[in-house]
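Undergrad: Once you've had a glance at the structure underneath, I'll fire off some questions.
The values are calculated or read from the model by the stated rules, or taken from the named source; none is laboratory data. Keep in mind it's a predicted model, so treat the numbers as computed, not measured. Cβ placement follows ideal geometry from the backbone for every residue including glycine, while neighbour counts extend to all protein chains displayed. Side chains included, ligands, DNA and RNA excluded: accessible areas come from the protein's heavy atoms. Shrake-Rupley method; radii C 1.70, N 1.55, O 1.52, S 1.80 Å.
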Amino acid sequence: MTMRTPISRVRGLGSAKGGTHHWWMQRLTAIALVPLSIWFVISMICLASADYAAVSAWMATPLTAVLMLLLVVATFYHMQLGLQVVIEDYIHGEGTKMVCLIGLKLGSFALGVAAAFAVLKVAF
Amino acid sequence: MNTGNRPLSPHIQVYRWQWTMMLSITHRATGIALAVGALLLVCWLLALASGPAAFADVHGFLGSWLGRLLLFGWTWSLMYHLANGIRHLFWDMGVGLELQAAQASAYAVIVLSIAATLAIWVAGYMAAGALG
């Protein structure tokens, strides 16, 4: 016999209180990264011989800046979700695991902010 | 809480080696490699924002043999993770989960990721005028 209420079972929120959010966000960012990463790779091919001035001019166009910001946000969100699972799978000591997870989450956020700032600085 | 006596699922060495297993492991490995590559993306963007001197330093490293080797590895990791990621998204829709289909898409991911990587580098060198 379960002590859980029907609504708690429907919501699917176990002790982690997370439900399917992790899974859903991983898919959502993956879908976003399909066109964004293809765009990025094609752009890098086109910029293969570009110098500083040419890359700056390219980055400063509104379309590039917006797509690059979207790429940065989706990449670092997706990255920290994936590495979180790697840490949870392989690091078993609770303390070490927690330190790694906090470092990962804060580090990914900081890197994402740094990358976004760099794009905006070139764009404005 | 005592967690010592819980049953464990069979570990990896119990299973016969299969392509689908290899691809799953490689998906995780390329994901970790791409996380390291994301650091390079941040360096590249920060260098661009810092000015010509910093940008020249980063480009100098990327143009070296080590830099090109790393970029080549990251290109393949990205193509693999992209192709296999799309395979995963089809699985999420319930498509291609049968053994034969999963096997066929595994081969397709390997071939596509290698072909795309080579095409990208040929295109890159052509765009740079290095191949005439």
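Undergrad: What's the number of the condition B:GLY96 fails, among (1) at positive phi; (2) assigned to a helix (DSSP H, G or I)?
TA: Here B:GLY96 clears every test but (2).
Undergrad: Only residues in segment B:26-39 that are farther than 12 Å from A:GLN80 by Cα and in a helix (DSSP H, G or I) count as the first member; pair them with residues that are of a type outside the set (Ser, Thr, Tyr) and open to solvent by 20 Å² or more (accessible area, probe 1.4 Å), Cβ under 7 angstrom, at least 6 apart or cross-chain, and list the lot.
TA: Close Cβ pairs satisfying both conditions: B:HIS27/B:HIS81; B:ARG28/A:VAL86; B:THR30/B:HIS81; B:ALA33/B:GLY73; B:ALA33/B:TRP74; B:GLY37/B:TRP74.
Undergrad: Could you grab me the full set of residues in segment A:44-54 that are at the interface with chain B (Cβ under 7 Å from one of its Cβ atoms) and either over 24 Å from the mean Cα position of the chain (by Cα) or outside any helix (DSSP H, G or I) (or both)?
TA: Selection gives A:CYS46, A:ALA48, A:SER49, A:TYR52.
Undergrad: Taking the options A:MET68, A:MET98, A:MET25, name whichever one is buried (at least 17 other Cβ atoms within 10 Å of the Cβ) and among the aliphatic types (A, V, I, L, M). Let's see the steps before the verdict.
TA: Working: A:MET98 fails: buried (at least 17 other Cβ atoms within 10 Å of the Cβ); A:MET25 fails: buried (at least 17 other Cβ atoms within 10 Å of the Cβ).
Just a single option satisfies the conditions, and that option is A:MET68.
Undergrad: For A:THR96, which of the numbered conditions (1) of a type in the set (Ser, Thr, Tyr); (2) assigned to a helix (DSSP H, G or I); (3) closer than 24 Å to B:ALA47 by Cβ fails to hold?
TA: (3)
Undergrad: For segment B:109-125, how many residues are within 10 Å of chain A (Cβ to nearest Cβ) and loosely packed, with under 14 Cβ neighbours inside 10 Å?
TA: Final tally of qualifying residues: 2.
Undergrad: With A:ALA48, A:ALA110, A:ALA57 as the choices, which residue is touching a Gly at 6+ places or on another chain (Cβ under 6 Å) and surrounded by fewer than 18 Cβ atoms within 10 Å (Cβ to Cβ)?
TA: A:ALA48
Undergrad: Restricting to segment A:81-92, and then to whatever is open to solvent by less than 40 Å² (accessible area, probe 1.4 Å) and more than 9 Å from chain B (Cβ to nearest Cβ), can you tell me which residue is nearest to B:ILE12 (Cα to Cα)?
TA: A:ILE87
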